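A.B. asks: Handing you a structure now.
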Amino acid sequence: MPIIALAFAGIILFAIAYQDLKTRSVSWYLFPLLALSGGALTFSELRSPGLLLYYIAINCGFLVLQYLLLKLWLFLRNGRNTTVIDHSIGKGDLLFLLATCCFFSPVNFILFYMLSLLFSLLLYIFIRRWHFFSGDFKTVPLAGLQAGFLILVLPLYDILKHPLTDDIWILPKLT
């Protein structure tokens with residue numbers, strides 16, 4: 001991985017995590033910068049703009065499917081059409097997930113998505129239990145916690161020599 005793009009992504013992720021944990025809001029311009037740094041990292045490995053756009057489209061399609069399933073579940077549960085964004089998930093959380101679509105191949109993205117949600121849930125329970133941060137933690141600072149998880153994941157993939165853009169290393173383990 002190019003060290004400059006990785007460092008740039010790390011700085012942006014740290015800023016997202018800090019802002020979300022501290023103030024429960026994130027500056028909007030960090031999300032396009034994160035998407036650009038993720039796209040640069042992915043393109044440096046793929047060297048194919050078509051394949052990069054294909055991966056982004058599949059990952060965004062996965063998020064749209066998640067959104068529609070959440071909307072359906074809330075409709076069935078409440079018996080009426082309810083707003084999902086800013087009710088069940090924040091705009092910043094959604095923008096963060098859309099930006100992370102640029103970092104991963106489809107299987108790696110789904111793996112990141114599931115593990116980051118588990119990481120966020122466990123860390124949120126830990127934070128709430130021991131009151132480590134001041135501020136409002138009645139809701140999960142999902143974008144900040146997932147940004148912290150991605151800060152840990154990016155160097156780990158590089159150290160383990162498992163590219164973020166190649167599903168070959170994980171597919172045999174899943175089947």
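Read-outs: derived from the displayed coordinates by stated rules, not from any lab. The structure presented is a predicted model; accordingly, all values stated were derived computationally and were not measured. Quick reminder, even Gly has a Cβ in these numbers, built from the backbone with ideal geometry, and neighbours come from all protein chains shown.
A.B. asks: Placing unit charges on C-beta atoms (Lys and Arg positive, Asp and Glu negative, everything else neutral), compute the dipole magnitude of the chain about its Cα centre in debye, rounded to 20.
C.D. replies: So the dipole magnitude of the chain works out to roughly 520 debye.
A.B. asks: Select from R47, R80, R128 the residue whose mean-square fluctuation is largest in a Gaussian network model of the chain (Cα-Cα springs shorter than 10 Å).
C.D. replies: R80
A.B. asks: Here is a follow-up. For K71, list the lysines whose Cα falls under 17 Å from its own Cα; do not include residues on the same chain fewer than 8 positions away.
C.D. replies: Filter leaves K91.
A.B. asks: Another question, if that's okay. Please express the shape of the stretch 3-174 as an equivalent ellipsoid: the semi-axes are the square roots of 5 times the eigenvalues of the C-alpha gyration tensor, given largest first in whole angstrom.
C.D. replies: Square roots of five times the eigenvalues give 26, 21, 15 Å.
A.B. asks: Then there's this: Can you tell me which of 59-66, 7-14 comes out highest on packing, and rank the rest after it, using the mean Cβ neighbours within 10 Å?
C.D. replies: So the order, starting with the most tightly packed, is 7-14, 59-66.
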